[in-house]
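A short write-up of the structure that comes next.
What follows draws every value from the coordinates through simple rules; no lab data is involved. It should be emphasised that the depicted structure is a prediction, and the values quoted were computed from it without experimental measurement. So basically every Cβ, Gly included, is an ideal-geometry build from the backbone, and we count neighbours across all protein chains shown.
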Amino acid sequence: THFGFQTVKESLKASKVAEVFSSVAASYDTMNDVMSFGIHRLWKDHFVRSLDPGRKPGGQPLKILDVAGGTGDIAFRMLDNAAKVHHDFETSVIVADINGDMLREGEKRALAAGYLPSDRISFKVEDAETLNTIPSNSVDLYTISFGIRNVTRIQEALKSAHRVLKPGGVFACMEFSKVSPAPLDAIYQQYSFSVIPLMGQLVAGDRDSYQYLVESIKRFPSQQEFAQMIRDAGFLTAGRGYDELTFGVASIWKGIKP
Ligand code: SAM
């Protein structure tokens with residue numbers, strides 16, 4: 001980032017990300033099911049259950065920001081948790097994403113499922129790196145699920161997460177991570193680099209976007225490195241700062257703004 005040529009590379013990356021998600025927006029939900037054999041649903045359920053969002057006895061309804069929220073998978077689950085577990089219909093979620101096409105799919109789903117029209121959910125085009133329209137110290141819970149690896153300057157996004165959270169607010173991130181033990185990783189690498197682009201081609205008619213997705217997973221830092229980046233942004237973490245799901249295929253990192 002200190003050199004001019006790298007800035008050019010980074011802006012290329014940002015436009016590539018925009019292109020990928022515009023082209024996969026319509027098939028995104030189906031492809032998630034196909035590629036992960038439906039497991040992403042279990043991970044998302046687990047992620048939201050572990051956060052247990054909603055108004056606690058004697059507390060206030062929460063202001064939640066779901067960054068890179070795409071088609072709303074995490075946001076809808078959080079509203080359901082608030083309603084079903086806490087009888088809370090006032091907690092609200094802003095779904096923020098850099099890509100208007102993904103948000104439009106999300107809005108369609110929100111209308112179909114009855115979350116809209118209401119004040120409980122809103123959709124906003126926002127870059128995770130800047131979160132320009134989100135005031136500082138305004139958010140109780142910041143979530144980002146399978147989004148952070150697409151962000152060009154991850155440390156900037158973490159700094160913005162820290163800025164918008166209230167003191168005591170929670171940062172929670174779910175992302176693909178490093179698989180262990182090694183023999184399982186070998187199988188996983190084989191699957192992701194050969195099967196996923198092929199499925200992208202067959203199911204969504206788009207090999208390149210899915211090739212990009214598997215490469216972005218490979219490039220993402222290790223569980224430990226990313227936990228350190230979260231601490232560098234000013235968050236406190238409990239223990240090592242993350243929990244692994246399914247042999248590390250995905251992990252959940254959490255931090256608290258002091
Ligand atoms: N959170 C959803 C989920 O778990 O299914 C969607 C994840 S999808 C794989 C990644 C999303 O990140 C896309 O909707 C993409 O537009 C968004 N994205 C990529 N770069 C971003 C950025 N800099 N700021 C905000 N969103 C971004």
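Find the relative contact order for the range 4-256 and round it to a whole percent, using C-alpha pairs within less than 8 Å whose residues are 6+ positions apart.
Details: 417 pairs, mean separation 44.1, N = 253.
Relative contact order for the range 4-256 comes out at 17 percent.
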Principal axes of the range 1-141: Cα extent on each, largest first, Å: 53, 38, 28
Dipole magnitude of the chain, debye to nearest 20 (Cβ charges: Lys/Arg +1, Asp/Glu -1, about Cα centre): 500
Value of [θ]222 nm, deg cm²/dmol, for the chain, DSSP H segments ≥ 4, -39500 (n - 2.57) each, nearest 500: -15000 deg cm²/dmol
0 to 90° range, to nearest 10: angle between helix 39-51 axis and the chain longest Cα axis: 30
DSSP-defined antiparallel bridges as percent of all bridges, the range 4-256, nearest 5: 40
FRET E, pair Asp80, Lys108, Förster distance 22 Å, beta-carbon r, rounded to 0.05: 0.75
Alpha-carbon centroids, the range 167-203 and the range 69-104: separation in whole Å: 24
Using alpha-carbon coordinates, inclination of helix 100-113 to the longest axis of the chain, degrees: 50
Options Met31, Ser216, Ile154, ranked by Cα towards positive dipole end of the chain, top entry (Cβ charges): Ile154
Gyration tensor over alpha-carbon atoms, the range 4-256, equivalent ellipsoid semi-axes in Å: 27, 21, 19
